[in-house]
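Trainee: Can you read through this structure? Questions will come right after.
The values are calculated or read from the model by the stated rules, or taken from the named source; none is laboratory data. It should be emphasised that the depicted structure is a prediction, and the values quoted were computed from it without experimental measurement. As a convention, Cβ positions derive from the backbone with ideal geometry for all residues, glycine included, and neighbour counts pool all protein chains shown. Ligands, DNA and RNA are stripped out before the accessible areas are found, and what is left, the full protein with its side chains, is counted by its heavy atoms. Shrake-Rupley method; radii C 1.70, N 1.55, O 1.52, S 1.80 Å.
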Amino acid sequence: MVKMPLPILYSFRRCPYAMRARLAIAAAGVECELREIVLRDKAAEFLALSPKATVPVMQTPAGQVIDESLDIMLWALGQADPQGWMTPDGAKSDQMMALILRADTEFKPNLDRYKYASRHSEDVSSEARDLAGQFLMHLNDLLAGTGYLFGKHLSLADMAIAPFVRQFANVDRQWFDAQHWPHLLAWLERFLNSAAFLSIMQKYPKWQAGDALTLFPEKAANAP
Ligand SMILES: N[C@@H](CCC(=O)N[C@@H](CS)C(=O)NCC(=O)O)C(=O)O
């Protein structure tokens, strides 16, 4: 029997975009080869594959190169979606995609300005924090009903957005915890303690050509 090559995921542990790609791949149960990239010293093979040079990047067995994290999530969930991430109840998938788009294009730039401007300008930083905070307040309202962003179970939206809320919270955890967004706090706490998140935050050494294969997702130690 001819063995199909595995999809290859170029990833970086601490990158929120790479986190959401790994979350979807793990939920889909699509076995990949993981290659850990170090941003300040990117592997030549990675740069040759994707001149855009951002992580994550997925090379599919058919040779397709996917260099946007959301597209990697959709590709993985297109293979298998046993938890129904693409079919939130009580919402249409375009509502879910619209919220993710807002998170990526509005919230994330404000998060970056909040995080990085704090070194240069207090005013820019707190303005960005407050703008990002308006989006988080909206998430808090969505979460009030069921504890998930859409419907009664976890969906693509929760997992595509949570890694960025984690990043925001970590800028100033005391400030974050003092805001009146109880549903958001509970949702983030559940995410941070979930088996899904903990399992995708394993540490891997920097990949280089010739290394033994690192399989992802790792099989649970007690799996049959
Ligand atoms: N839109 C891209 C953004 C990915 C991205 O910006 N990743 C960051 C790391 S979190 C990166 O690779 N930056 C390039 C660098 O720092 O050299 C996606 O969704 O995959």
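Trainee: Order the following by accessible area, largest value first: S199, S11. Probe radius 1.4 Å; ligands, DNA and RNA are ignored. Write out the running numbers ahead of the final one.
Mentor: Details: S199 60, S11 0 Å².
In descending accessible area the options line up as S199, S11.
Trainee: Can I ask one more? For the chain, with every protein chain kept in place, what is the accessible area per residue (1.4 Å probe, Å²)? Spell out each step's value before the answer.
Mentor: Working: 11520 Å² over 224 residues.
It amounts to 51 Å² per residue over the chain.
Trainee: When only Cα pairs under 8 Å and 6 or more residues apart are kept, what is the percent relative contact order across the chain?
Mentor: Working: 291 pairs, mean separation 61.2, N = 224.
Relative contact order comes out at 27 percent.
Trainee: Between helix 182-193 and the chain, what is the angle of the helix's C-alpha long axis to the longest principal axis, kept within 0 to 90° and rounded to the nearest 10?
Mentor: 20
Trainee: What are the ³J(HN,Hα) values, in whole Hz, obtained from phi via the Karplus relation 6.51 cos²θ - 1.76 cosθ + 1.60 with θ = phi - 60°, for each residue of the range 153-163 in sequence order, with x given for Gly and Pro?
Mentor: Those phi angles translate into 9, 4, 9, 3, 4, 4, 7, 6, 9, 3, x Hz.
Trainee: Enumerate the calculated ³J(HN,Hα) couplings along the range 71-76 in order (Karplus 6.51 cos²θ - 1.76 cosθ + 1.60, θ = phi - 60°), each rounded to whole Hz, writing x wherever the residue is Gly or Pro.
Mentor: The phi angles translate into 5, 5, 4, 5, 5, 5 Hz.
Trainee: For the chain, give the share of DSSP beta bridges that are antiparallel, in percent and rounded to the nearest 5; count only bridges with both residues there.
Mentor: Details: 7 of 11 bridges.
That works out to approximately 65 percent antiparallel.
Trainee: Heavy atoms of the protein only, probe of 1.4 Å, neighbouring chains included. What is the accessible area of M86 in Å², nearest 10?
Mentor: Per-residue accessible area (M86): approximately 60 Å².
Trainee: Now a separate question. At a threshold of 8 angstrom on Cα-Cα distance, excluding pairs fewer than six apart, so keeping six or more, what relative contact order does the range 93-193 reach in percent? It would help to have the intermediate numbers written out before the result.
Mentor: Details: 79 pairs, mean separation 26.8, N = 101.
Averaging sequence separation for qualifying contacts and normalising by length gives 27 percent for the range 93-193.
Trainee: Oh, and also: How much of the accessible area of the chain, in percent, comes from carbon and sulfur atoms when a 1.4 Å probe is used?
Mentor: On the way: 6220 of 11520 Å².
Ligands and nucleic acids excluded, carbon and sulfur give 54 percent.
Trainee: Related question: Using a Gaussian network model of the chain whose springs link C-alpha atoms within less than 10 Å, name the residue from V65, V30, V124 with the highest mean-square fluctuation.
Mentor: V124
Trainee: Follow-up question, since we're still on this one. Would you mind computing the Rg to Rh ratio of the chain from its alpha-carbon coordinates, Kirkwood style for Rh?
Mentor: Values: Rg = 18.1 Å, Rh = 18.5 Å.
Result for the chain is an Rg/Rh of 0.98.
Trainee: Pick out, in residue order, every one of the trypsin sites (Lys or Arg not before Pro) in the range 154-224 that is DSSP loop and has at most 14 other C-beta atoms within 10 Å; say none if there are none. Display every interim value, and only then the final one.
Mentor: Numbers: sites: R166, R173, R190, K203, K206, K219; in loops: K203, K206, K219.
Answer by residue number: K203, K206, K219.
Trainee: Follow-up question, since we're still on this one. Over the range 108-154, with a single point scatterer placed on each C-alpha, what log10 of the ratio I(q)/I(0) does the Debye formula yield at q = 0.16, 0.20 1/Å?
Mentor: These q points yield log10 I(q)/I(0) values of -0.51, -0.63.
Trainee: Dividing the alpha-carbon radius of gyration of the range 93-193 by 2.2 N^0.38 Å (N being the number of residues), what value is obtained? Walk me through the numbers on the way to the answer.
Mentor: Details: Rg = 13.2 Å, N = 101, 2.2 N^0.38 = 12.7 Å.
With N residues counted in the range 93-193, Rg over 2.2 N^0.38 Å equals 1.04.
Trainee: A further question follows. Sort the range 29-125 into rounded, prolate or oblate with this rule: let a ≥ b ≥ c be the square roots of the eigenvalues of the Cα gyration tensor; rounded if a/c is under 1.5, and if a/c is not under 1.5, prolate when a/b is larger than b/c, oblate otherwise. Please list the in-between numbers first.
Mentor: Values: a/c = 2.80, a/b = 1.13, b/c = 2.48.
Judged from the Cα gyration tensor, the range 29-125 comes out oblate (a/c at least 1.5, b/c at or above a/b).
Trainee: Round to the nearest 10 and give me the degree value, 0 to 90, for the angle of helix 16-28's Cα axis relative to the longest principal axis of the chain.
Mentor: Taking the Cα atoms of the chain, the angle to 16-28 is about 60 degrees.
Trainee: In degrees, nearest 10, range 0 to 90: what is the angle between the Cα axis of helix 122-146 and the longest Cα principal axis of the chain?
Mentor: Its long axis makes an angle of about 80 degrees.
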